[in-house]
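Colleague: Before I ask anything, here is the structure I am working with.
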Amino acid sequence: PQILSFTSDTLDNGLVNVPYIDTLKVNGGVAPFSFEIKSGDVPQGLSLDNNSGVISGLPTTAQTETFSVLALDSQIPPDSVTQTFSITIKAVPLQIVSGALVDGIINNSYVDTVIARDGVAPYTFSVSNGVLPQGLSLDNNSGVISGLPTTVQTETFSVLAKDSQILPDSVTQTFSITIKAVHLQIVSETLKNGIVNSAYIDTVIARDGVAPYTFSITSGVLP
């Protein structure tokens with residue numbers, strides 16, 4: 001038979017958390033063949049089937065691994081060949097998947113979350129441009145924006161997300177949050193009546209909107 005040899009010295013690369021499969025193939029020799037790793041190792045989450053030469057699994061880490069594989073045929077004594085291979089597992093590019101952030105109301109608790117996925121968790125978040133509305137803050141580990149808005153305003157800002165690779169992947173997305181006032185309303189329904197030559201006092205009460213308030217008579221006159 002022909003001398004045993006590998007048909008290629010390259011294997012497919014893969015992505016973290018995406019199923020992987022490729023096969024070591026040989027020429028010559030006498031089938032069936034067997035395969036074993038002699039040095040190094042395949043990326044985490046992958047394994048070599050010693051009978052078929054199939055390398056498969058679910059990669060768990062972004063990394064490059066170089067390893068040597070010994071192939072043996074079925075002659076007595078067996079012919080053998082060793083070849084070095086390399087597999088690179090990359091992270092799916094990091095992305096921010098949040099849509100628009102919800103708007104808020106002054107003096108009412110606010111919470112919403114900037115959500116990232118892919119890349120390599122855990123992620124970190126920071127405001128890279130602009131500012132959040134007054135009273136709000138961004139949690140750098142969770143991406144949660146929360147607080148008690150103190151001012152009616154609209155702020156546009158950019159959030160930078162980074163993953164945990166040694167050379168981190170990063171992505172930036174721009175958001176806008178509007179803080180609105182609850183519509184101003186007068187909550188007094190009636191004022192009490194009075195008596196001639198007796199001191200009188202009562203109060204017109206307003207709420208919501210943005211304090212402080214001013215009051216004026218728009219029609220008619222006081223007694």
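So that you can scan it fast, the table gives a plain yes or no per residue for (1) open to solvent by 70 Å² or more (accessible area, probe 1.4 Å); (2) touching a residue at least 40 places away in the same chain (Cβ under 8 Å):
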{"residue": "Ser8", "(1), (2)": "no, no"}
{"residue": "Leu11", "(1), (2)": "no, yes"}
{"residue": "Lys25", "(1), (2)": "yes, no"}
{"residue": "Phe33", "(1), (2)": "no, yes"}
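Colleague: Here is a further query. Please go through region 168-196 and give me each residue that is free of Cβ contacts under 8 Å to residues at least 60 places away in the same chain and among the hydrophobic types (A, V, I, L, M, F, W, C), ordered by number.
Modeller: Leu184, Ile186, Val187, Leu191, Ile195, Val196 - these are the residues of region 168-196 that are free of Cβ contacts under 8 Å to residues at least 60 places away in the same chain and among the hydrophobic types (A, V, I, L, M, F, W, C).
Colleague: Could you tell me which of the residues Tyr110, Tyr123 is under 9 Å from the mean Cα position of the chain (by Cα) and either closer than 22 Å to Ala211 by Cβ or in contact (Cβ under 8 Å) with a residue 12 or more places away in the chain (or both)? Lay out the reasoning, then the answer.
Modeller: Working: Tyr110 fails: under 9 Å from the mean Cα position of the chain (by Cα).
After ruling out the rest, the residue left standing is Tyr123.
Colleague: When residues of region 152-204 are filtered for being part of a loop (DSSP other than H, G, I, E, B), aliphatic (A, V, I, L, M) and either open to solvent by 60 Å² or more (accessible area, probe 1.4 Å) or closer than 22 Å to Tyr110 by Cβ (or both), how many remain?
Modeller: 12
Colleague: Moving to a separate point now. Just need a number here: residues in region 81-122 that are under 30 Å from Gln2 (Cα atoms), of a type in the set (Val, Ile, Thr) and open to solvent by less than 20 Å² (accessible area, probe 1.4 Å).
Modeller: Qualifying residue count for the region: 1.
Colleague: Which condition from (1) free of Cβ contacts under 8 Å to residues at least 60 places away in the same chain; (2) surrounded by fewer than 17 Cβ atoms within 10 Å (Cβ to Cβ); (3) over 28 Å from Gln165 (Cα atoms); (4) not hydroxyl-bearing (Ser, Thr, Tyr) is the one that Leu136 breaks?
Modeller: So Leu136 meets the others, but not (2).
The values are calculated or read from the model by the stated rules, or taken from the named source; none is laboratory data. Computed from a predicted model, the values in this text were never measured in an experiment. With ideal geometry, Cβ positions are generated from the backbone for all residues, glycine too; neighbour counts draw on all protein chains shown. The accessibility values were calculated without ligands, DNA or RNA, using every heavy atom of the protein model including side chains. Shrake-Rupley method; radii C 1.70, N 1.55, O 1.52, S 1.80 Å.
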